Amino acid sequence: MRIKVINPNTTRSMTDTIGECARAAARPGTQIVAVSPAMGPASIESHYDEALAVPGLLQEVATGELEGIDGYVIACFGDPGLQAARELARGPVIGIAQAAMHLASLVGSRFSVVTTLARTTGQAWHLAEMYGMKRFCANVRACEIAVLDLEKPGSNARERIVEECRRALAEDGSDTIVLGCAGMADLCEHISQQLGVPVIDGVAAATQLVESLVNLRLRTSKHGELAHPLPKPMSGLLADFALPARGKPVLQRAA
Ligand code: 5HY
């Protein structure tokens, strides 16, 4: 089985960390292909960043379809481009926020999301609502750490995240923590040991969900909303995104 784990931002070091965490979660025999798009933002911390991350992400899905990839993880807590990616893919496409929230709801009564910047908490609440997880979500908190500062030496990120998680457990009425950034994936085990509660990293959660779906031979439904997009002309910078008639290779990878 080959799973493509797409970090939608273009920071290669973060992609490498995400890939290691996905490989640690995957079963023997599952090949993890961890990639970043060729174009897009260095980190995703706003709706603007998220919108500009989607074309590159879709290019990676389209390439994956030509490579025979069995399933995809979108490794960004905003789950950017999730439904569009599902239209392009035959196999399952799982966003880390949707995966983490659902698994958290299975091991606790209410979870707190702990993420990076406060300005991204609205998107986390929006996703919880969209996924039917709002009744399990006690709160969404931010550490006020920029995404790329997570891996910056001296940022004290790990300690600040642990402290925010402690406050969440003390104040939110939650019993479980969801890490609200793919860049936190490598901190999951440490935080769980420090707090003594389930801490869910969406990268590991989504990886194992994709494996399970592929093993159950469950692919993305092509009946209705998530059917392959209709071919139509695209212009300007997006000209390469024109989808040819069915059966032909999707998306010609931009030069
Ligand atoms: C992520 N941004 O997981 C999100 C986290 C966030 O570049 N990767 C990013 O703050 O929304």
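Laboratory data are not the source of any read-out in this text; all were calculated from the coordinates shown. The structure displayed is predicted, hence computed values, not measured ones. Glycine gets a Cβ as well: all are built from the backbone with ideal geometry, and neighbour counts include every protein chain shown.
Between Ala51 and Ala38, what is the spin-label point distance in nm, taking each point 7 Å from the Cα along the Cα→C-beta axis?
In this crude label model, Ala51 to Ala38 measures out at 2.4 nm.
Mind listing the phi-derived Karplus ³J(HN,Hα) values for the stretch 181-188, rounded to whole Hz, using 6.51, -1.76 and 1.60 with θ = phi - 60°, and x for any glycine or proline?
My calculation for the stretch 181-188 gives 7, 4, x, 8, 3, 6, 9, 4 Hz in order.
If N is the number of residues in the stretch 97-201, what value comes out of its Cα radius of gyration divided by 2.2 N^0.38 Å?
Numbers: Rg = 12.4 Å, N = 105, 2.2 N^0.38 = 12.9 Å.
Ratio of Cα Rg to 2.2 N^0.38 Å: 0.96.
Sorting check: for 179-187, 86-94, 121-129, which peptide has the highest mean count of neighbouring beta carbons within 10 Å, and how do the rest follow? Could the numbers behind the result be given before it?
Values: 179-187: 26.7, 86-94: 23.0, 121-129: 17.2.
Top to bottom by mean Cβ count within 10 Å: 179-187, 86-94, 121-129.
Over the chain, one equal point on each Cα, no solvent: what is log10 I(q)/I(0) by the Debye formula at q = 0.07, 0.11, 0.12 Å⁻¹?
Log-scaled intensity ratios, in q order: -0.23, -0.56, -0.66.
Less than 13 Å Cβ to Cβ from Ser192, Lys/Arg counted +1 and Asp/Glu -1: what total charge do the surrounding residues give? List each step's numbers first, then the result.
Numbers: positive: Arg158, Arg166; negative: Asp175, Asp186, Glu189, Asp201.
Neighbour charge sum, excluding Ser192 itself: -2.
Provide the net charge surrounding Glu211, with neighbours chosen by a C-beta distance below 10 Å and charges set as Lys +1, Arg +1, Asp -1, Glu -1.
Values: positive: Arg27; negative: Asp70.
Charge balance in the 10 Å sphere: 0.
When the dipole is taken about the Cα centre of the stretch 103-198, and only Lys, Arg (+1) and Asp, Glu (-1) are charged at their Cβ, what size is it in debye, to the nearest 20?
On the way: 10 positive and 12 negative charges, 49 e Å.
So the magnitude is around 240 debye.
Sum up the lysine pairs in the chain that clear both bars: alpha-carbon distance under 30 Å and a spacing of 8 or more or different chains.
Taking the Cα cut-off of 30 Å, the pair count is 9.
Restricting to Cα atoms and excluding each atom paired with itself, what does the Kirkwood estimate give for the stretch 34-126 in Å? Don't jump to the answer; show the numbers that get you there.
Values: mean 1/r = 0.0707 Å⁻¹.
Kirkwood radius, the stretch 34-126: 14.1 Å.
So what are the ³J(HN,Hα) numbers for the stretch 141-148, from phi and the Karplus equation (6.51, -1.76, 1.60; θ = phi - 60°), rounded to whole Hz, Gly and Pro as x?
Residue by residue, the stretch 141-148 yields 10, 10, 8, 6, 10, 5, 3, 6 Hz.
If amide hydrogens are placed 1.01 Å from N in the peptide plane, which non-local residues have theirs closer than 5 Å to the one on Thr176?
Arg110, Ser112
Residues with amide H under 5 Å of Ala142's amide H, sequence separation 5 or more or different chain, H placed in the peptide plane at 1.01 Å from N; which?
When sequence neighbours closer than 5 places are left aside, the close amide H contacts are Thr115.
Between Leu66 and Leu195, how high is the FRET efficiency from 1/(1 + (r/R0)^6) when r is the Cβ-Cβ distance and R₀ = 45 Å? Nearest 0.05. Mind showing how you got there, number by number?
Details: r = 43 Å, r/R0 = 0.96.
It comes out at approximately 0.55.
What 222 nm value per residue comes from the helices of the chain, counting each DSSP H run with n ≥ 4 as -39,500 (n - 2.57) and dividing by all residues, nearest 500 deg cm²/dmol?
Values: 8 runs with 101 residues, N = 255.
Helix contribution divided over all residues of the chain: -12500 deg cm²/dmol.
Near the amide H of Val93, under 5 Å away, which other amide H atoms are found, from residues 5 or more places off or on another chain, if H is placed in the peptide plane?
Tyr72
With +1 on each Lys and Arg Cβ and -1 on each Asp and Glu Cβ, how big is the dipole of the chain about its Cα centre, in debye rounded to the nearest 20?
On the way: 24 positive and 27 negative charges, 168 e Å.
Value, rounded to 20: 800 debye.
Pop out the ³J(HN,Hα) list for the stretch 91-105 in order, Karplus 6.51 cos²θ - 1.76 cosθ + 1.60 with θ = phi - 60°, rounded to Hz; leave Gly and Pro as x.
After applying 6.51 cos²θ - 1.76 cosθ + 1.60, I find x, x, 10, 10, x, 5, 5, 4, 4, 5, 5, 5, 5, 4, 5 Hz.
With Cβ to Cβ distances under 14 Å as the rule, what net charge do the other residues near Pro92 carry (K, R +1; D, E -1)?
Numbers: positive: Arg2, Lys4, Arg86, Arg90, Arg217, Arg219, Lys222; negative: Glu65, Asp70, Asp79, Glu87, Glu211.
Value of the local net charge: +2.
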